Amino acid sequence: MTHVGRKIGLAEAAQKLGLPYQNCHRLLLTGQLRGEKREGRWYVLVQDVERIARQRLEPVRNAR
């Protein structure tokens, strides 16, 4: 389910992706995650998190 325009905290995104926070921060800095910083915290678009989650599963699906 895609939530266009909805944002979640970077820590929550890391948890959903099963990645360390710093790896998600790197995705943000390289533009793979779009987000904004508010009150000292990063928030990223849920649709980007979902896209990256799908991309991470692709090699597993193609290996079958």
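The values are calculated or read from the model by the stated rules, or taken from the named source; none is laboratory data. Not measured: the values here are computed from a predicted model. Reconstructed Cβ throughout: ideal geometry from the backbone, glycine too, with neighbour counts over all protein chains shown.
Quick notes on this structure:
- Among the residues of the range 5-55, just one is in contact with a Lys or Arg (Cβ under 8 Å, 6 or more places away or on another chain) and among the aromatic types (Phe, Trp, Tyr), namely TYR43.
- When residues of the range 23-57 are limited to those that are among the small types (Gly, Ala, Ser) and more than 12 Å from ALA13 (Cα to Cα), the one modelled with the highest pLDDT: GLY40
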